[in-house]
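**Student:** Mind having a look at this structure? Questions to follow.
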Amino acid sequence: MGAFGAEPPDRPLHAQELADDPDAAGWARVCAWVPGTGHCRIRDCSVACLFRPQREDEALRVQRWRRIRRVFARRI
C-alpha cells in the first residue's frame, strides 16, 4: 500500500519495459517522484521524464481515493 492510505495501483508497474529503456538509469538518478504519493519533488517535472506517465496516473488515483475518504469522513 502506498503512502497516505492510497489504494494499490490498478495496474502493475512496467518494470521490464522501464529496465529495457536505455535512458532508465539516468532518469532513476534524477527523478524525484515519491512512489505511492503521486508527488514529484521537482515542480517542473520534465515532459520527457520516463516515470511521468506512471506518476500522473498514480496522482489521479490518490486524488480520487482522497475524495472518497472525505465523503465518508463527513458522514461519520
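All of the numbers you see were taken from the coordinates with simple rules; none came from a lab. From a predicted model like this one, the values you see are computed outputs, not experimental measurements. Ideal geometry is used to build each Cβ from the backbone, glycine not excepted, and the neighbour counts take in all protein chains shown.
**Student:** Of the listed peptides 58-64, 40-46, what is their order by residue-averaged count of other C-beta atoms within 10 Å, with the highest listed first?
**Tutor:** Working: 58-64: 15.9, 40-46: 11.4.
Descending packing order for the listed peptides: 58-64, 40-46.
**Student:** Can you work out the Karplus-derived ³J(HN,Hα) for every residue in segment 39-54? Use 6.51 cos²θ - 1.76 cosθ + 1.60 with θ = phi - 60°, whole Hz, and x for glycine or proline.
**Tutor:** After applying 6.51 cos²θ - 1.76 cosθ + 1.60, I find 10, 10, 5, 8, 4, 9, 4, 5, 4, 7, 4, 5, 9, 4, x, 5 Hz.
**Student:** Taking amide hydrogens as modeled 1.01 Å from N in the peptide plane, which residues meet the under 5 Å criterion relative to His39, leaving out close sequence neighbours?
**Tutor:** For His39, whose amide H was placed from the backbone, the distant partners under 5 Å are Val34.
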